Amino acid sequence: MTILPRSAFGQTVLLIGFLLLINQVVSYLSVAVYVIQPSLQQINQLLAKQVKVVFIDGDDATFSPDLAQAFHKETGIGVYRERDALMLGLAEAEYYPYLSKQMGELLDGEAEVRIFQGDEYLFWIRPPQAPNVWVKIPLSGFEESNFSPLIFYLVLIGVLSVAGGWLFVRQLNRPLKALQKAAEDVGKGKFPEPLKEQGSTEVVAVTRAFNQMSGGIKQLEADRSLLMAGISHDLRTPLTRIRLASEMMSENEDYLKEGIEKDIEDMNAIIDQFIDYIRHDMMEKSEPARLNALIKDVIALEAVDDRKINVIYGDEIELPMVYVALKRVLANLIQNAFKYSDQDIEITSGLNQSTQMAYIKVADHGPGIAEHEMARLFQPFTQGDTARGTQGSGLGLAIIKRIVDGHGGHVSLHNRISGGLVATVELPIK
């Protein structure tokens, strides 16, 4: 299991997000180093100068209450003994080691800095000049919320950048999605309208090449159909003349007449199979239809008087299908079951809940097929072993596979334990 996305869309969005994260980290560090840190240094220098002013007359100034009150009134700076300072909020102030170290360097001794964050920022400083005295310096305009716009800006830029990258990549991948869908349709025998050439120059070039390829395949299929129709017409005409000539043969040549008619029927059947193989059934539009209704229609047409078809209908399932094409699939399976078995055949329909695939199973009681031959039989012009006969053109199963594949389904064969062969057609219900 891989954690990283494998699609170009996911990889591009991940790359944009990663680069943006690096950019945000660098931006934050740059602001911290070149903006915040110099500001703190300037604040510390200002505070240190104010402390020096307080103790400009001596190392341990002794203030009278009146002088302390007057000094506080004029500057807002208060000087208190530790006991009084604790009562005025020093106990709730938070100790800052980094600022204390800087303050000690500026005051040439060991100092301690504490900050109380209330309605206003109060800096409590214990200077080295008077270790038993605390200087309280109020600092207005220095609020913690001032940093929130910066954080909000960084987050907003990150979100907008990722969203913009996501929209850009989505718009870039949209023509590729359409190209993928069109390629799948061509693989199923459908030929969509030429795709709109949009997107980047590379995508436009690929789309143009695909449209040319699709048009070429479509024209090739049309030419092949026309060629086959012409060959069919040219072959059926002499066959008809041969049949008419055989009707004029004398009675003592009936044995020869029957052989000729049988050969003509076989040749007509082979020509019909050729036409069925190249017929573009999947060019028709898929429509929702009921699977059990399809089985009933085919049985009504393919039933033989002396043969019995046992049907077990599953739940009524409606799925998209080219109705005529799937009728041809089921009819071919029933005809094969009749051809290679003298007993009754069974047809079963239902829905596989785990795979969400509807299925039709046609089972006979014939000799079956060797396991190693089953995959090969779906190739055109391939016939089974002698156990199931060698008549026909070898296109029956190829026609079935082509139609089922065009529906996005799957066809398979397997031998029954009790004897015989089961052909299973699975079709997606969506």
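Is there a residue being in the same structural domain as residue 352 (by TED's automatic domain parsing), in a helix (DSSP H, G or I) and surrounded by fewer than 11 Cβ atoms within 10 Å (Cβ to Cβ) anywhere in the stretch 303-310?
Scanning the stretch 303-310, I find no residue that is in the same structural domain as residue 352 (by TED's automatic domain parsing), in a helix (DSSP H, G or I) and surrounded by fewer than 11 Cβ atoms within 10 Å (Cβ to Cβ), so the answer is no.
Residue pairs, Cβ under 9 Å, 6 or more apart or interchain, first in the stretch 95-112 and under 11 Å from residue 129 (Cα atoms) and at pLDDT 85 or above, second charged (D, E, K, R) and in a helix (DSSP H, G or I). List them.
Final answer for the pair search is 111/101; 111/105.
Which residue, of 244, 227, is more than 30 Å from residue 409 (Cβ to Cβ), of a type outside the set (Lys, Arg) and more than 35 Å from the chain's Cα centre (by Cα)?
After applying the criteria, what remains is 244.
State yes or no: is residue 366 of a type outside the set (Val, Ile, Thr), assigned by TED's automatic domain parsing to the domain that holds residue 415, touching a residue at least 12 places away in the same chain (Cβ under 8 Å) and surrounded by fewer than 20 Cβ atoms within 10 Å (Cβ to Cβ)?
Spelling it out, it is not the case that residue 366 is of a type outside the set (Val, Ile, Thr), assigned by TED's automatic domain parsing to the domain that holds residue 415, touching a residue at least 12 places away in the same chain (Cβ under 8 Å) and surrounded by fewer than 20 Cβ atoms within 10 Å (Cβ to Cβ).
For residue 329, indicate whether it is out of contact with any strand residue (DSSP E or B) (no Cβ under 6 Å at 6 or more places or on another chain), buried (at least 20 other Cβ atoms within 10 Å of the Cβ) and aliphatic (A, V, I, L, M).
It is true that residue 329 is out of contact with any strand residue (DSSP E or B) (no Cβ under 6 Å at 6 or more places or on another chain), buried (at least 20 other Cβ atoms within 10 Å of the Cβ) and aliphatic (A, V, I, L, M).
Would you be able to say whether some residue in the stretch 267-277 is of a type in the set (Val, Ile, Thr) and not assigned by TED's automatic domain parsing to the domain that holds residue 242?
No, every residue in the stretch 267-277 fails to be of a type in the set (Val, Ile, Thr) and not assigned by TED's automatic domain parsing to the domain that holds residue 242.
This table checks each residue for (1) at pLDDT 70 or above; (2) over 26 Å from residue 157 (Cβ atoms).
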residue	(1), (2)
5	yes, no
20	yes, no
36	no, no
47	yes, yes
56	no, yes
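Within the stretch 336-365, can you find the residues that are touching a strand residue (DSSP E or B) at 6+ places or on another chain (Cβ under 6 Å) and hydroxyl-bearing (Ser, Thr, Tyr)?
Across the stretch 336-365, the qualifying residues are 348, 349, 359.
Quickly run through the stretch 232-244 and pick out the residues that are out of contact with any helix residue (DSSP H, G or I) (no Cβ under 8 Å at 6 or more places or on another chain) and not basic (Lys, Arg).
233, 234, 237, 238, 240, 244
Residue check, residue 347 against (1) part of a strand (DSSP E or B); (2) surrounded by fewer than 17 Cβ atoms within 10 Å (Cβ to Cβ), all met but one. Which one?
Of everything listed in (1) part of a strand (DSSP E or B); (2) surrounded by fewer than 17 Cβ atoms within 10 Å (Cβ to Cβ), residue 347 misses just condition (2).
Would you confirm, using the coordinates I've provided, whether residue 180 is assigned to a helix (DSSP H, G or I), of a type in the set (S, T, N, Q) and closer than 30 Å to residue 14 by Cβ?
yes
Looking at the structure I just gave you, is residue 290 modelled with pLDDT of 75 or more, within 30 Å of residue 344 (Cβ to Cβ) and surrounded by 11 or more Cβ atoms within 10 Å (Cβ to Cβ)?
For residue 290, the condition - modelled with pLDDT of 75 or more, within 30 Å of residue 344 (Cβ to Cβ) and surrounded by 11 or more Cβ atoms within 10 Å (Cβ to Cβ) - is met.
Got at least one residue in the stretch 198-209 being outside the structural domain of residue 400 (by TED's automatic domain parsing), in a loop (DSSP other than H, G, I, E, B), of a type in the set (Ser, Thr, Tyr) and more than 25 Å from residue 405 (Cα to Cα)?
Checked the stretch 198-209: at least one residue is outside the structural domain of residue 400 (by TED's automatic domain parsing), in a loop (DSSP other than H, G, I, E, B), of a type in the set (Ser, Thr, Tyr) and more than 25 Å from residue 405 (Cα to Cα).
So, residue 82, is that one modelled with pLDDT of 70 or more, more than 51 Å from the chain's Cα centre (by Cα) and of a type outside the set (Val, Ile, Thr) or not?
Answer is yes for this residue.
The values are calculated or read from the model by the stated rules, or taken from the named source; none is laboratory data. Please read these numbers as outputs of a predicted model, since none were measured by experiment. Cβ coordinates were reconstructed from backbone atoms using ideal geometry, including for glycine residues, and neighbour counts include every protein chain displayed.
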